[in-house]
Amino acid sequence: MVKPCWRPSVEGDGTRRGGSGNHRGGDQNGRVDGLLWSKDLGHHVNGDFSMAVIQANSLLEDQSQLESGPLSSLDSGPCGTFVGVYDGHGGPETSRFVNENLFANLKKFASENQEISANVIKKAFLATEEEFLSLVRQQWSIMPQLASVGTCCLVGVICNGLLYVANAGDSRVVLGRADKVVRGVTAIQLSTEHNANNESVRNELRSLHPDDSQIVVLKHKVWRVKGIIQVSRSIGDAYLKRSEFNREPLLAKFRVSKPFSKPILSAEPSVLVHKINPNDQFLIFASDGLWEHLSNQEAVDIVNSYPRNGIARRLVKAALRVAAKKREMRYSDLKKIERGVRRHFHDDITVVVVFIDQSSTKRASSRASNVSIRGGGGFPYSS
Amino acid sequence: MGRRRGFLLKHRISTLFRRVFWRRFLPTVHRRLDPTQSTGVKPFSGLISWTNRLRTKAKAILYKNIESGRGYIRVGQDPLLEKPEPIPKGQMAVYVGQKDGDFQRILVPVVYFNHPLFGDLLKESEKEYGFNHPGGITIPCRISEFERVQTRIQAVQCTRKLLSWKRTSRSPMMY
């Protein structure tokens, strides 16, 4: 009696899943399988790469890109690989904006300076922030809610044997380095994260805002800046940067009660310059959705143990398996949960695995690997 | 050695028992969760809950020795079999209850999560605990209210079933 009531919907879901294969795009722009997008293997100037994105929010808030080839608008300028992971919050607008504009800004400053440097990357971040804040100002009367949207921003640039990592927010890049002593590959975290759950970040905020006792608040067992947001640095979040956006017509729930004179969040990235070592094998760039479920070493071990083709997709699936286990369900059943509701199980997850092939790093001038790819490019819901 | 063999045999019997009777067990799990059954046919549901209790007790006796002899009996065992009750396919556990009271662990069909009525419960969960609540999904509402939502979802699914045998699961959104 009861059985027939629930069974058809399970079967129905099965047919729908099977049918989703029809959406598959060509391999050039990656492929789509339900809420999972992946580019299983591609080549950049310095080796191979693999990308994957899983959507959890009803509108994908994670954006990402990989650009390989000239890093400035000059022919004689620097050449290399650029990776960007942008984990949006409050909506997809800022992460999309950064995906469209940050690399162009980097190219502009690299052309002016005739090189890639920590300063060039920093300038590109701040210019993108300024451009977005002017867009918020311009749209203020018709779309005030744009002031409440922001994005974390993680960038990696490989150029002339150097790796630049710039981060604002809580995405992370981990380096896999061959270790002869343990006969494996060890995980080395390269990015500095700006999440209020780190004590150092809370201390930094308290010292920057000595008069505000409510600058960090514990809520839902999670530390949040002003009880609102977990990250202390981002692009966007205009209402936490400038008082002019912390007022009507922006809805009260997006506003901070007391007016502020100093920006609460900052868009300035932490930058690290790393000289690529012959033992450096690969980099795993990912939004915090991955690191919530996998440790740095677990992720590095997976990349080290399986073929390169589809490795980013494998990492995403490994994280989803953990997520399903935490929610006391089977991985196969997690796939039946639709976007939006999925957010109760995991966040949007973006993974970019960049292999560093030492032989191709030396001949960085090879123009054959000009690539420009956007994560989730084939998603029916991504734009 | 003889003792150890005894345990293994017990374990195997229980596994075999579970595999053979798995399909037959499933409906009872559903009936137990199905509020229409428990409210509509009282004596029958009483019998079911009695058999369920009996089964749980029997299992507890069967597993008691294994638990106490943990140190050596687990060596070489399939870790999947260690859990006394794995989550059945197509279902997941949620914890339902109110702040001060006890939370009840309830198995629900995974497809319910895509239903708008269930979505309302999930919104409450998000308000109370956020998305990153550790462990199972916790729904802050009275058991009775939760059961009412389940009944309504089930009713809709049954109607749909009558209307069309081969509808896809997109339809819960359009019901």
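Taken together, the values in this text are just the output of simple stated rules run on the coordinates, not laboratory data. Since we're looking at a predicted model, the values are computed, not measured. Here the Cβ positions follow ideal geometry from the backbone for every residue, glycine too, while neighbour counts run over all protein chains shown.
Taking a spot 7 Å from the Cα of A:M143 along the direction of its beta carbon, which residues of region A:45-78 have an amide N less than 19 Å from it? Zone members listed by number: A:58-64. Across chain A, the relative contact order, built from alpha-carbon pairs under 8 Å that are at least six residues apart, equals 27 percent. Among A:E131, A:E67, a tally of other beta-carbon atoms within 10 Å of each Cβ gives an order, fewest to most, of A:E131, A:E67. Net charge in the neighbourhood of A:P269 (other residues with Cβ under 11 Å of its Cβ; Lys, Arg +1, Asp, Glu -1) is +1. Placing unit charges on the Cβ atoms only, positive for Lys and Arg and negative for Asp and Glu, gives region A:216-363 a dipole magnitude near 420 debye about its Cα centre.
The ranking of A:Y331, B:Y112 from fewest to most other beta carbons within 10 Å of each one's beta carbon is A:Y331, B:Y112. Using just its DSSP H runs of length 4 or more, each adding -39500 (n - 2.57), chain A gives a mean residue ellipticity at 222 nm of -9000 deg cm²/dmol after division by all residues. Here the Karplus relation 6.51 cos²θ - 1.76 cosθ + 1.60, evaluated at θ = phi - 60°, turns the backbone of region A:179-191 into coupling constants of 10, 5, 5, 8, 6, x, 10, 9, 8, 10, 7, 9, 8 Hz, with x for every Gly and Pro. With the charge dipole of chain A set up from +1 on Lys and Arg Cβ and -1 on Asp and Glu Cβ about the Cα centre, the Cα lying farthest toward the positive end among the listed residues A:W223, A:G42, A:L250 is that of A:W223. Apply the a/c threshold of 1.5 to the C-alpha gyration tensor of region A:222-347 and tell me whether it is rounded, prolate or oblate. Because a/c hits 1.5 or more and a/b fails to exceed b/c, region A:222-347 counts as oblate.
Taking amide hydrogens as placed 1.01 Å from N in the peptide plane, the amide H of A:G184 sits under 5 Å from those of A:D179, each at least 5 positions away in sequence or on another chain.
Ordering A:M51, A:M329 by the number of other Cβ atoms within 10 Å of each residue's own Cβ, fewest first, gives A:M329, A:M51. The distance separating the Cα centre of region A:233-260 from that of region A:30-67 comes to 32 Å. Among residues other than A:R247 whose Cβ falls under 14 Å from its Cβ, what is the net charge (Lys/Arg +1, Asp/Glu -1)? So the environment of A:R247 carries a net charge of +4. For A:M329, neighbours were defined as the other residues whose beta-carbon sits under 10 Å from its Cβ, and their charges (Lys and Arg +1, Asp and Glu -1) total +4. A simple spin-label model places the labels of A:Q28 and B:R152 4.9 nm from each other, with each point 7 Å out along Cα-to-Cβ.
Rounded, prolate or oblate, given the Cα gyration tensor of region A:49-158, with a/c below 1.5 counting as rounded? Cα axes put region A:49-158 in the oblate bin. Roughly how many Å is it from the Cα centre of region A:79-110 to that of region A:144-166, as a whole number? The distance from the Cα centre of region A:79-110 to that of region A:144-166 comes to 6 Å.
Within a straight-line Cα-Cα reach of under 16 Å, A:K39 can be paired with the following aspartates and glutamates, leaving aside sequence neighbours fewer than 8 residues apart in one chain: A:D27, A:D48, A:D62, A:E67.
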